[in-house]
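Reviewing the structure listed below.
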Amino acid sequence: MNAAVAEVAQLDGRRLALALRSGIRRLLENQEYINKINVFPVPDGDTGTNLALTLGAVANVLRQRDEPHVGNLLTRIADAAIDGARGNSGAILAQFFVGLSDGVSLLRELTPHDFAAGVAGGARYAREALSDPREGTLITVLADFATEVASLASSGAIRDFGSLFKRALPRTLASLDNTRNQLEVLRKANVVDAGAQGFVELVQGMADHFERGESADDELPLAIRHIEEEAAGVEIDLKDRFCTECIVNGEIIDRRKLRERLAALGSGVVVAGTERKAKVHVHVKDPSTVFRLATEFGVVSAQKADDMQRQQDAAHHRHRRGVAVVVDSAADIPDEELERLEIHVIPMRVHFGERSYLDKVTLGPEQFYRELATSRVHPKTSQPPPGDFRRIYEFLASHYATVVSISLTARVSGTRAAAESAAQRIQGYGKVMVIDSLNASVGQGLVTTYAAECAQAGLSGEAVIAATRAVLPRTHTFGLLGRLDFAVRGGRVPRIVKLIADWLHLTPILINQKNGRIGAGKVILGRSNLRTRFANLVRRSIKPGVRYRVAVGHANAEKEGRRLLEEICAGLDNIHARYLMPLGTALGVHGGPGMLVVGLQEYEPPSPQPLTPTLSPLTGRGGTS
């Protein structure tokens, strides 16, 4: 036997890192399949993505530094897993690593007996992290794996890790296959638990490493397992719609009490971590209630809230289309259009001093303008981090042939750069294309709506991208800045400009330029009858014989917004559609309460294309591939 496949009787940090990298690679190759069999606790088709992102954070640690001390390595792994944990299964697996680490943190090397003790602790920690543990899920397979490893290690017949993993696999695979008999929802769908499947892929990949002595080849292209069938299970009505997560940092976090109080807010509660750092996962109606509660236990960060209803629609292809459309929350789009067109929204961050919110999720427009008017601290907005984009891109790429992401103009934000950074890292099945809207607010919303209509009409990914790019120069935004106070407070307008405008009684009008720059392009002389004069200015841009869509966004000024929309459209027979909606933060943070914004788009409806044939249902067989 050569050195590459020599027996490993003592597991140090270097060899554990190689084994884990092999296991993580195998899971990444199978994440699309894991997404497709995800039916519990919610059939939202994202368990593979969540596990991939959780273990992706671990993989980053494994590649950063050579750590021979296995206890030190596992401590770093556990910390990275908590930080990177996504979803129910990701949080449970992170807590498994915390328990494993706590049991062996002082050891430089592990014997099979040491490893068995650590795994037993990990399985126990994982179960204790849940408010309502259910058999037939990941915690069951973790426990069965731990039991089998302990039995083998104590038998005296196992002296190396290759044999340990090889002989533990049959019991682990049997446990996985039995999950379909333990939960009714799995039995009906004839699939195994998705989280448990992910753990088995990790174990199988580690076993492969010990058997073949493979080196870590993370940089080689993944052999993605593509699944053409429909997602398993059926959509359900969700009482708790938002998968809500955050990290809590504190001195002594009472995780049991935090878990109990979260259970009163929603379902699917997992509180993983330590007494100094806890990862919270819960399904709720209102994510803001979770974040408010979490602040009682420490400093809250890494807030996330995924709309599981929208994810269900995507996973099960309600409209049987091949293109998914994504946008950041800087775009203003009526709620009914978001629902009708299944547009996926990634929230930006809004910060009032030390208080942070998820735009349009935990901070709606009405509350935003109330705080803007009264807060001593002018708010700051920031683009979603690349991880938020990557999470939704990975998920959608496993269910759609193409993902089209429409970003806020790069001339005013780093949102497009964050989106492109994430898109370049997608290794899943499907193509992700980021398009700069060259626009903001309602204009960006009209571009996104058009892209989604093209997707719903059955156009191919290439056709949706081409049509979206073609509509960019035909989409315009106009903003009425009734006052410059908030733009000055935010540093966007020098105070001297405000003084001059006030002195000359000038009202600047924001206009988007062809290059994506948004700034004062026109002015209205005087301060009287501003709304009507603004409407007339917009009307002068409407060409006869061309169909248009008109959208008006208002900053807590619904009556004024409605009147503006009526004045723009009055007497015109070429207005195809009109929308009225609250104005979001992208422009509202600079205009303040009372600001009015108009989006104008030359419109030709996309031609419907034949829908792709319905795929056959997926039957998950479990085991390995």
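What to note about this one:
- Elements of type helices (runs of 4 or more DSSP H) contained in the stretch 203-318, each with 3 or more residues being modelled with pLDDT of 95 or more, among the basic types (K, R) and out of contact with any helix residue (DSSP H, G or I) (no Cβ under 6 Å at 6 or more places or on another chain): 255-263
- Residues in the stretch 45-60 include at least one that is over 24 Å from D193 (Cβ atoms) and assigned to a helix (DSSP H, G or I).
Conditions (1) at pLDDT 95 or above; (2) closer than 14 Å to M348 by Cα; (3) surrounded by fewer than 24 Cβ atoms within 10 Å (Cβ to Cβ); (4) of a type in the set (D, E), marked per residue:
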position	(1), (2), (3), (4)
V404	yes, no, no, no
L408	yes, yes, no, no
G414	no, yes, yes, no
A418	no, yes, yes, no
Q424	no, no, yes, no
Y429	no, no, yes, no
D436	yes, no, yes, yes
V442	yes, no, no, no
L446	yes, no, no, no
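- Exactly one residue among S101, S89 is crowded, with 24+ Cβ neighbours inside 10 Å, in contact (Cβ under 8 Å) with a residue 40 or more places away in the chain and among the hydroxyl-bearing types (S, T, Y), and that residue is S89.
- Residue selected from the stretch 509-525 under the condition basic (K, R) and not in a strand (DSSP E or B), by the criterion nearest to G479 (Cα to Cα): R517
Per-residue answers, yes or no, for (1) acidic (D, E); (2) out of contact with any strand residue (DSSP E or B) (no Cβ under 8 Å at 6 or more places or on another chain):
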{"residue": "P385", "(1), (2)": "no, yes"}
{"residue": "R390", "(1), (2)": "no, yes"}
{"residue": "H399", "(1), (2)": "no, no"}
{"residue": "E420", "(1), (2)": "yes, no"}
{"residue": "I426", "(1), (2)": "no, no"}
{"residue": "A451", "(1), (2)": "no, no"}
{"residue": "A455", "(1), (2)": "no, no"}
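- Odd one out for E184, checked against (1) within 22 Å of the chain's Cα centre (by Cα); (2) more than 30 Å from R15 (Cβ to Cβ): (1)
- Matching entry among V141, V104, V119 (being in the same structural domain as L173 (by TED's automatic domain parsing), farther than 25 Å from N178 by Cβ and either touching a helix residue (DSSP H, G or I) at 6+ places or on another chain (Cβ under 6 Å) or of a type outside the set (A, V, I, L, M) (or both)): V104
- Any hit, the stretch 114-133, residues being surrounded by fewer than 23 Cβ atoms within 10 Å (Cβ to Cβ), of a type in the set (K, R) and touching a residue at least 40 places away in the same chain (Cβ under 8 Å): no
- Odd one out for N38 among (1) at pLDDT 95 or above; (2) part of a helix (DSSP H, G or I): (2)
- Residue, surrounded by the most Cβ atoms within 10 Å (Cβ to Cβ), within the stretch 338-384, restricted to residues that are part of a strand (DSSP E or B) and hydrophobic (A, V, I, L, M, F, W, C): I346
The values are calculated or read from the model by the stated rules, or taken from the named source; none is laboratory data. Computed from a prediction, not measured in an experiment: that's the story for all the values here. When we count neighbours, we look across all protein chains shown, and the Cβ atoms used for this are built from the backbone with ideal geometry, even at glycine.
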